[in-house]
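The values are calculated or read from the model by the stated rules, or taken from the named source; none is laboratory data. Bear in mind the structure is a predicted one, so any value in this text is a computation, not a measurement. Positions of Cβ are generated from backbone atoms using ideal geometry, with glycine treated the same way; all protein chains shown enter the neighbour counts.
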Amino acid sequence: MSSYLDRIGAGFILNKPEVFGFDYVPEILVGREELQGQLASLFTTIGHPEGTGRAVVTGPVGSGKTALVKRFCDDLIRHVADKRNIKYVHVNCRNASTASRVMQKIVQDLDPGHPDRGLGVGELLTSLRRMLQGDNSHIIVVLDEVDHLLRHSGDDIIYKLMRIDEDGNRTGTLSAILISQEQVLDMLENAVISRLGRSNHIRVPPYDESGLLKIATQRRDIGLVAGTCTEEILNLISQAAAPSGDARQAIELLEGAAKRAESSGRSLIESKDVQKTVITLPNNVDSMNIEDIPPHAMLVLLGLCRRLKKKENVTSGEAEKLYHVVCEEYDQDPKGHTTFWKHLKRLAQEDIIVSKTAKSDVGRGRTQHISMPHMLPSDVARRLETLIPSRLR
Ligand SMILES: Nc1ncnc2c1ncn2[C@@H]1O[C@H](COP(=O)(O)OP(=O)(O)OP(=O)(O)O)[C@@H](O)[C@H]1O
Ligand SMILES: [Mg+2]
């Protein structure tokens, strides 16, 4: 009975599912030491009784802005705990896009019993001032996705918060960190960045493939059962996520692939688990313009697909042999070496395959390692097998 539930909770691969949760922030942010240093340099006085800091953090989607700031606030609070009582409130302005919603969120985070109804922004500011009266207390207000607030309600509340000390007899009560995606920079540019100080602006770059690989490796090591995910699988994942530069995508691919492998009863992630997850991504570039490639490029690709069904990658040498086998099957004379390379290059340009010089081979000939992170080789092979006969006629 209920054997169909056997795999639930079996944990063949996913050891700590929470590691893949959207609000999980690892202790160590891999490859972001320099940015962490930049952010810390804007808060050098925070350990002093009247010190405050300000920062504006911008960067593309999934570049780790939220993680950077959350990690920083947690670390900072611990670091100065014996000097100062610092609290931090993280407001996501997507959910709180008006001044009063922002203030409600701040006040209620500090005091969950605070009445939330019927208070205006001014009263909420007074409440906040009162809450922070105690000696030595300080608050860092993080306004994440602040463009939602700016678009909706302007920047007034930001300045009111930063001037919170003006009516009282204290100084150094509040620090502010604003976060936004880069695309809305122009809106931030004039409205906020100049008034917060241009030198307080931290630009977070997107991740490249090797950055994504490090992040995926870290999640594997903390979230998966040892021995369930090879380096090749991690390479495939970082290749698939590289065009977006989005760490979230790499992490979601790892989790998705792990779940797929588990639900088919395996304890090892295979490349098809990754590829099947990639094609479900919302903005998966549909690089299936396979119809338009020359017939012999199709034959090259078919050879590759057949091998990539079983392996994460194939060397260019193997690929050429596979191409010859396919030519024989379709009764074609194989084209020469140079033409074969031309076809490989084109397939890579069209994002159908990814071709990389193997690390150990750099400077020794031009052996390439070929993989297919964006598509499922078995699907592509099936399409090619129907297309090729008509193209060769
Ligand atoms: N350097 C890193 N090391 C480990 N994990 C990271 C790193 N950078 C980002 N991540 C993880 O990647 C995911 C996306 O990061 P985050 O949410 O911080 O991106 P973001 O820039 O805030 O994106 P958005 O613009 O969509 O808000 C999170 O799960 C985060 O923990
Ligand atoms: Mg974010």
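When 83, 65 are checked against the criterion of being of a type outside the set (Phe, Trp, Tyr), more than 16 Å from ligand 1 (Cβ to nearest atom) and farther than 17 Å from residue 159 by Cα, 83 stands alone in meeting it. Could you list, in sequence order, the residues of region 88-108 that are surrounded by 15 or more Cβ atoms within 10 Å (Cβ to Cβ) and farther than 21 Å from residue 159 by Cβ? 108 - this is the single residue of region 88-108 that is surrounded by 15 or more Cβ atoms within 10 Å (Cβ to Cβ) and farther than 21 Å from residue 159 by Cβ.
Just one of the listed residues (72, 12, 22) is within 14 Å of ligand 2 (Cβ to nearest atom) and at pLDDT below 95, namely 22. Listed by first and then second residue, the pairs linking a residue in region 304-320 that is farther than 14 Å from residue 380 by Cβ to a residue that is in a helix (DSSP H, G or I), with Cβ atoms under 6 Å apart and 6 or more places separating them unless they lie on different chains, are 312/232; 312/236; 312/271; 319/304; 320/340. A count restricted to region 220-250 and to residues that are aliphatic (A, V, I, L, M) and within 16 Å of ligand 2 (Cβ to nearest atom) stands at 2. Can you confirm whether region 38-61 contains a residue that is part of a loop (DSSP other than H, G, I, E, B), within 13 Å of ligand 2 (Cβ to nearest atom) and under 21 Å from residue 252 (Cβ atoms)? Within region 38-61, one or more residues are part of a loop (DSSP other than H, G, I, E, B), within 13 Å of ligand 2 (Cβ to nearest atom) and under 21 Å from residue 252 (Cβ atoms). Answer with yes or no whether residue 100 is within 16 Å of ligand 2 (Cβ to nearest atom) and on the phi < 0 side of the Ramachandran plot. For residue 100, the condition - within 16 Å of ligand 2 (Cβ to nearest atom) and on the phi < 0 side of the Ramachandran plot - is not met. The C-beta contact set for region 325-343 (first residue of a type outside the set (Phe, Trp, Tyr), second residue part of a loop (DSSP other than H, G, I, E, B) and surrounded by 11 or more Cβ atoms within 10 Å (Cβ to Cβ), distance under 7 angstrom, 6+ apart or interchain) comprises 327/334.
For region 116-135, the condition of being within 16 Å of ligand 2 (Cβ to nearest atom), buried (at least 16 other Cβ atoms within 10 Å of the Cβ) and in contact (Cβ under 8 Å) with a residue 40 or more places away in the chain holds for none of the residues. Here residue 80 passes the criteria (1) modelled with pLDDT of 95 or more; (2) in contact with a Gly (Cβ under 6 Å, 6 or more places away or on another chain); (3) of a type in the set (A, V, I, L, M) except the one numbered (1).
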